[in-house]
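Enquirer: Please see the structure below; I have some questions.
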Amino acid sequence: MSGQFVSPRQATPYAGTRGRPSIARRLRERAESFFASTDLAYERNFLVVRPAIALLVIVAVAVQGSTLPGGRGVIIACLVAILYNFGVAVLVFRRRVNLLRVTTLILDNGIVIGASLFVFMKMGDAGYESDLWLLYMTLIVTNALYYGPLGSLFFTSLWTGLFLGMTVGFYGDDSYSVAQLPMRLTFFALTGFVSISLSAELRKRRQKLEAQSRQTLTMLATIVEARDTDAGQHLRHITHYSRALALHLGLSETAANEVSYAAMIHDVGKAQVPDAILKKPGPLTPQERREIEKHTLWGHELLAGNEEFRDACEVARSHHERWDGKGYPDGLAGEDIPIAARITAVADVYDALISERPYKQAWPAHDAIREIKRLRGTHMDPAIVDAFIELYEAGVLRAIDTMMRDDPHDEHEQLAA
């Protein structure tokens, strides 16, 4: 087996990523910490803010006329920012989060640094004094709102160091800018301290909101459990299975947690299915089958409209889609099906097979795995099936079952913590 597997009792992760060294996971977690305060809602807003700032700077430079050395370079930089904003918009609406974060980090800050070096060089050559240094204090504050505390510390150091270097490098020792440098650096330090504190507080508030969202998901999952007598154990199983599988596929700790919360709530739409259908011991009629299939749409409708529930909303709608495109409700195929839904689907089918239901006896685990293999490439993503089988053969699924038997009261409390 590739990767190193550990018991669920060792908390996180359940399984190592497939052959990926642990240092890669640590680096990923550090990167997530750097970007801790970002989300797509912020990025969508910045699609308007970015060109608005660029246009305001262009107007300010135009009003000042030719008196600002290097003003033409500033205008060119702003126009470039407006142009690449269209490319950023594509990444936002395609939800390419990691590529989006790296792209905006490089382009936005590259533009500012390049334009700053050019303008300060021209101002230094002309002996031109300006309050342009206040711009960097603004950048320190805005970066604190955008990035996590680690990112805020990084950019405080970056903009302070850049301003210090440009002032000393481009202005003479007898200039006003050099004379005022100690006072200005003091302002930089104070602003940076406040910004880092602000970023840390924002992160705490974000974590609190996420915890409240998880508690809401737990309550919604309890609705399903109250309607379906076997849903309690089922929800617990697929929540843990999905998280272990997500980690083994290489998703980060944060992403794996989101998948597990989404898996927990995947059948919330069944709250609207009549008892006569939901608990029917025999086969369903075609009409009853069509009715119960609506639970995917009902679950999506219930969760839609809340950005915090985006993954859960996708899973609720798409966990019955098939890899070959013959599933429901939308007939999605292959990687068009959200990965969280593909992961949940494998865990859902496996646990349904090994669990006793009103209409069937529980299957032995090895028979369930044989059935999962049969569905590989038709109902389910082949890569995810392969990863799930690796977890089974490594004993991780058995360890999860043991954990839940030994600690029957964990239910959803640990998941919502």
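Enquirer: Give me the pairs, please: first residue somewhere in segment 280-303 and under 16 Å from His319 (Cα atoms) and in the same structural domain as Ala316 (by TED's automatic domain parsing), second residue anywhere and of a type in the set (A, V, I, L, M) and at pLDDT 90 or above, beta-carbon distance under 7 Å, and either six or more positions apart or on two chains.
Expert: Once the first residue is under 16 Å from His319 (Cα atoms) and in the same structural domain as Ala316 (by TED's automatic domain parsing) and sits in segment 280-303, its partners that are of a type in the set (A, V, I, L, M) and at pLDDT 90 or above give Thr296/Ala316; Gly299/Ala316; His300/Ala316; Leu303/Ala316.
Enquirer: Next question. Mind listing just one residue for me: the one in segment 347-385 that is in contact (Cβ under 8 Å) with a residue 12 or more places away in the chain and part of a loop (DSSP other than H, G, I, E, B) and, of those, nearest to Gly334 (Cα to Cα)?
Expert: Here the residue is Asp381.
Enquirer: I've got another one for you. Could you tell me whether any residue of segment 82-94 is under 26 Å from Arg44 (Cβ atoms) and outside any helix (DSSP H, G or I)?
Expert: yes
Enquirer: Report, by residue number, each residue of segment 41-88 that is farther than 28 Å from Gly127 by Cβ, surrounded by fewer than 15 Cβ atoms within 10 Å (Cβ to Cβ) and of a type in the set (Val, Ile, Thr).
Expert: Matches in segment 41-88: Val48, Val49.
Enquirer: Taking into account only those residues within segment 155-180 that are of a type in the set (Gly, Ala, Ser) and within 44 Å of the chain's Cα centre (by Cα), which is surrounded by the most Cβ atoms within 10 Å (Cβ to Cβ)?
Expert: Ser177
Enquirer: Taking the condition hydroxyl-bearing (Ser, Thr, Tyr), buried (at least 17 other Cβ atoms within 10 Å of the Cβ), without any contact (Cβ under 8 Å) to a residue 60 or more places away in the chain and not assigned by TED's automatic domain parsing to the domain that holds Pro338, does Ser116 pass?
Expert: yes
The values are calculated or read from the model by the stated rules, or taken from the named source; none is laboratory data. Every value quoted in this text rests on a predicted model; they were computed, and no experiment measured them. Glycine gets a Cβ as well: all are built from the backbone with ideal geometry, and neighbour counts include every protein chain shown.
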